[in-house]
Amino acid sequence: MNFVERIGECDQCGECCKTVNITVIRDETLRQHRSRKELELYLSYRGICVVGEDVERNQLFYAINIPCQQLGPENQCRVHKDPEAKPFLCHSYPMEPDGTEECSYEFQPAKTLTG
Ligand code: SF4
Ligand code: SF4
């Protein structure tokens, strides 16, 4: 696995606050639904999109279009400056590059410790 170090600050673009994202086990899910097309049909009736996959890690990624209730009209997070009110996941996301172009964080290879 490649370890990466996150650098920068969240500029509150709000992109990661507009959907609920879920990761499921890819091979088991496709077996249940027989094909990705059938899976996508089933999920479309519930407002869930399949937005990607990682075959190597056996993962499928879902997104549900439910914006966070703390997302303000200008896409700013209402609890951004309150460490108690802002969920842990929101502090730590993204932990690795996820392809969101709007995100202000950058990543670089993690420094290795030398003894
Ligand atoms: S709490 Fe703030 S950072 Fe977390 S999803 Fe909601 S708006 Fe986004
Ligand atoms: S996508 Fe990145 S910059 Fe935008 S709100 Fe999320 S963490 Fe912050």
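Quick note: the coordinates plus some simple rules give every number you see, no bench work behind them. Since the model is a prediction, treat every value here as computed from it, not as a measurement. When we count neighbours, we look across all protein chains shown, and the Cβ atoms used for this are built from the backbone with ideal geometry, even at glycine.
DSSP loop (so not H, G, I, E, B), at most 10 other Cβ within 10 Å: list which GluC sites (Glu not before Pro) in the range 1-105 pass both filters. Mind showing how you got there, number by number?
Values: sites: 5, 9, 15, 28, 38, 40, 53, 56, 74, 84, 101, 102; in loops: 9, 56, 74, 84, 101, 102.
Here the GluC sites (Glu not before Pro) that fit, given the DSSP loop and packing criteria, are 9, 56, 74, 84, 101, 102.
Using the Cα gyration tensor of the range 19-66, with a ≥ b ≥ c the square roots of its eigenvalues, what is the shape: rounded (a/c below 1.5), prolate (a/b larger than b/c) or oblate (neither)? Mind dumping the intermediate values first?
Values: a/c = 2.43, a/b = 1.20, b/c = 2.03.
Since a/c reaches 1.5 but b/c is at least a/b, the shape of the range 19-66 is classed as oblate.
Under the Karplus relation 6.51 cos²θ - 1.76 cosθ + 1.60, θ = phi - 60°, what is the ordered set of whole-Hz ³J(HN,Hα) values for the range 92-101, x standing for Gly and Pro?
8, 7, x, 8, 8, x, 10, x, 6, 5
Extension gain residue 40-residue 69, at 0.36 nm per residue separation less the Cα-Cα distance, in nm?
Fully extending the segment from residue 40 to residue 69 adds 7.8 nm.
Find the relative contact order for the range 1-91 and round it to a whole percent, using C-alpha pairs within less than 8 Å whose residues are 6+ positions apart.
32
I'd like the Karplus ³J(HN,Hα) series for the range 70-84: coefficients 6.51, -1.76, 1.60, θ = phi - 60°, whole numbers in Hz, and an x wherever there's a Gly or Pro.
For the range 70-84, the Karplus-derived couplings read 8, 7, x, x, 9, 6, 7, 7, 5, 10, 4, 9, 10, x, 6 Hz, x marking Gly and Pro.
Please report, in cubic angstrom per residue, the volume enclosed by the convex hull of the alpha-carbon atoms of the chain.
Per residue, the Cα convex hull of the chain comes to 148 Å³.
Could you list the trypsin sites (Lys or Arg not before Pro) in the range 25-115 that lie in coil according to DSSP, counting only those with at most 14 other Cβ atoms within 10 Å of their Cβ?
Filter output for the range 25-115: 34, 46, 57, 78, 81, 111.
Could you give the nm distance between label points at residue 56 and residue 111, where each point is 7 Å from its Cα heading toward the beta carbon?
It is 2.6 nm.
State which stretch of the chain is the longest one without any exposed chymotrypsin sites (Phe, Trp or Tyr not before Pro), exposure meaning a DSSP loop state and at most 10 other Cβ atoms within 10 Å.
My reading of the result: 46-115 is the longest stretch.
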